[in-house]
Amino acid sequence: MADKYLELVNSGFTKKLAATLGLPRPAVLRRHVPGAPLVPGVVLLLGESSGAQALADVLLGWGLEVRRHSAGQERLGAIILLLDEVSTPADLSAPMLLAGSALRGLVPGGRVVSFSRPALATDAPALAAVRQGIDGSIRSVGRELRGGATANGIVLTGELSPVVPSALAALRFLLSGRSAYVDGQFLTISTDAGVAPEQQAAPLAGKVAVVTGAARGIGAAIANTLHRDGATVVVVDVPAAGDALAKVANQISGTALQLDITRADAGAKIIEHALSRHGSLDIVIHNAGITRDKLLANMDTARWDSVIAVNISSQLAMNEAFLAAKLPGLRVVSLASTSGIAGNRGQSNYAASKGGVIGMVRASAAAFAEAGGSINAVAPGFIETEMTAKIPVATRTVARMLMPSLMQGGLPIDVAEAIGFLASDSAAGINGSTLRVCGQSLVGA
């Protein structure tokens, strides 16, 4: 599954050869390492909004070195743009050009993060213009950055300040190595809910989590990451994957539940197992999914119906059971896909199911919020798995090169990190959203 091209252009003689020949050189991404600094350098905070000083104080409290107007010749780990109080397109000029002049000082793996407000149909035209313009501008900055640096944004609804708990949690996530493959994305904070973890190294301590489709691949990575972050994990998969499932459970000191999630009583079985074995159910990750690709002209009933049954109908049924059980504070994260956003040749059934996940979480947010919980989705792009490893090497390499802006596929851990963040109580103010983990591989979304 390793990206050999990435290894070759970043090491030894072949690194120099690639530079001499002018070959594309995707960077080794800055991923989370326990104990590593949150940001690899000074943080430049730009913008004069009323929340600027409060945010600067928080960053200082995190142990970061913060500069408000210029960092001189210092190397920058991150640039934060406070754009939440701009009111016309002309207001963007000063902060964006200041950020532009500082970009050359951004270290490899650095971060650009903006704070803004959503553009609403009820806004004055100039206000809506500048707010929507921020979206396009930050996504464009993401495509200009090099060395594995990324640009993302945080959107504050209503009168929320940049220092409400979920906004700060989103900022920590986007600054950290946990968001290595998240680029050109916006996290919307809809409420002031959220509680910072007592231990940043174990944000899920005391939680009981269930991960479906956990026997291998992305599901196993999710289970391992939730365990690393302090959760007790129940891994779920079909009986045919029993041996692999047991191995994952043993690795993380969790429990295994062999279950066909398309059963009508799957939700009840999961609740029963979690409560009887561990005393609570706090997090559910709907990861299980299948593909049965075929052009629609050649699609048969079995291929279509099986994908819909596993990828979306099962989740709808399980969610009904979870809501009926009124589990307090339950956080659900579901796996969508960029195929459900942009479509993919030969995947009309898969795209229907994954697009359905995005619609499901948006429509279910209010119901989960009633019990203090939330539901969100993560939409992976090209992730290096056993499945993608079967693609011919030349095809895979070319495909990676065509994927701006990070020029490489992601890893299962990149998806798992985003899920771990959304499953945490600190992200409680994010509800009904879909976060893409795709290295900005889609144009215009």
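The values are calculated or read from the model by the stated rules, or taken from the named source; none is laboratory data. Nothing here was measured: the structure is a model prediction, and the numbers come from that model. Counting neighbours? That spans all protein chains shown, and the Cβs are built from the backbone with ideal geometry, glycine included. Note: accessible area is taken over every heavy atom of the protein model, side chains too, but ligands, DNA and RNA are not part of it. Shrake-Rupley method; radii C 1.70, N 1.55, O 1.52, S 1.80 Å.
Stretching the chain fully between residue 4 and residue 296 yields a gain of 101.7 nm (0.36 nm per residue, less the alpha carbon separation). A simple spin-label model places pseudo-atoms 7 Å from Cα toward Cβ; at residue 17 and residue 57 they are separated by 5.7 nm. For a straight C-alpha distance cut-off of 27 angstrom, the lysines reachable from residue 15 (same-chain residues fewer than eight places away being disregarded) are 4, 390. Within the accessible area of the stretch 170-322, what % is carbon and sulfur when the probe is 1.4 Å and the other protein chains stay in place? C and S atoms contribute 50 percent here.
In terms of distances greater than 19 angstrom between alpha carbons, the cross-link table entries 247/354; 294/354; 269/326 yield 247/354.
For percent of Cα pairs over 41 Å apart, computed directly from the structure shown, the correct entry in [x] 26; [y] 16; [z] 21 is [y]. With the whole protein complex present, residue 8 retains an accessible surface near 90 Å², based on a 1.4 Å probe.
Each Lys and Arg contributes +1 and each Asp and Glu -1, all at the Cβ; summed about the Cα centre of the stretch 178-330, the dipole is approximately 220 debye. Note on residue 426: accessible area approximately 20 square angstrom, rounded to 10, probe 1.4 Å, nucleic acids and ligands left out. Rounded to the nearest 20 debye, the dipole magnitude of the stretch 67-202 is 560 debye, with +1 charges on Lys and Arg beta carbons, -1 on Asp and Glu beta carbons, and the Cα centre as origin. Using the 1.4 Å probe convention, the accessible area of the stretch 115-207 works out to 38 Å² per residue with neighbouring protein chains retained. Could you check the spin-label model distance between residue 68 and residue 280? Points 7 Å from the Cα along Cα→Cβ, value in nm. About 4.1 nm, to one decimal. Stretching residue 326 away from residue 253 to a fully extended chain increases their span by 23.6 nm, per 0.36 nm per residue minus the current alpha-carbon distance.
The Cβ shell under 15 Å around residue 225 holds other residues with a net charge of +3, Lys and Arg each +1, Asp and Glu each -1. Residue by residue, the stretch 204-221 carries 3J(HN,Hα) couplings of 10, 4, x, 8, 10, 10, 10, 10, 8, x, 9, 6, 7, x, 4, x, 5, 5 Hz when phi is fed to the Karplus relation 6.51 cos²θ - 1.76 cosθ + 1.60 (θ = phi - 60°); x denotes Gly or Pro. A helix-only calculation puts the chain at -11500 deg cm²/dmol for mean residue ellipticity at 222 nm, using -39500 (n - 2.57) for each DSSP H run of at least four residues, averaged over all residues.
Remark: spin-label model distance residue 344-residue 101 equals 4.5 nm, labels positioned 7 Å along the Cα→Cβ axis.
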